[in-house]
Amino acid sequence: MKPLIVTCPTCAKKIEYSVENKNRPFCSDRCKLIDLGEWASESYKIPVKNVEFDTSSNDKAGDEIPESED
């Protein structure tokens, strides 16, 4: 079976994706830390839809135990 070759997300170097590579999918500790720094500095963001919450209500959803229907 051919080894799986992937591209390092940081430097674009071609590497073998295997259990022997402790940095996978990165090629090195350096590339892994660069990527972590990008997330920490919020250069990378996961897009989310803005959801507005109604905070004016005193509704405590889930706080009450529903009555059983006997």
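The values are calculated or read from the model by the stated rules, or taken from the named source; none is laboratory data. Note that the structure is predicted; figures quoted are calculated from it, not measured. FYI the Cβ positions are ideal-geometry reconstructions off the backbone, even for glycines, and counts take in every protein chain you see. Remember, those area values only see protein heavy atoms, side chains included, never the ligands or the DNA or RNA. Shrake-Rupley method; radii C 1.70, N 1.55, O 1.52, S 1.80 Å.
Would you mention how many residues in region 14-39 are part of a loop (DSSP other than H, G, I, E, B), of a type outside the set (Phe, Trp, Tyr) and open to solvent by less than 80 Å² (accessible area, probe 1.4 Å)?
Of all residues in region 14-39, those part of a loop (DSSP other than H, G, I, E, B) come to 17-28.
Now restrict to residues that are of a type outside the set (Phe, Trp, Tyr): 18-25, 27-28.
If we keep only those that are open to solvent by less than 80 Å² (accessible area, probe 1.4 Å) as well, we get 18, 21, 23, 25, 27-28.
Count: 6.
Does Glu42 satisfy the condition of being within 14 Å of the chain's Cα centre (by Cα), assigned to a loop (DSSP other than H, G, I, E, B) and exposed (fewer than 13 other Cβ atoms within 10 Å of the Cβ)? Break it down into steps so the answer makes sense when it comes.
Working: within 14 Å of the chain's Cα centre (by Cα): yes; assigned to a loop (DSSP other than H, G, I, E, B): yes; exposed (fewer than 13 other Cβ atoms within 10 Å of the Cβ): yes.
In short, yes.
I need every pair where a residue in region 1-28 that is without any contact (Cβ under 8 Å) to a residue 12 or more places away in the chain has its Cβ under 7 Å from the Cβ of a residue that is among the aliphatic types (A, V, I, L, M) and open to solvent by less than 60 Å² (accessible area, probe 1.4 Å), sequence separation at least 6 or different chains.
Here the result reads Asn21/Ile15, each pair linking region 1-28 to a residue that is among the aliphatic types (A, V, I, L, M) and open to solvent by less than 60 Å² (accessible area, probe 1.4 Å).
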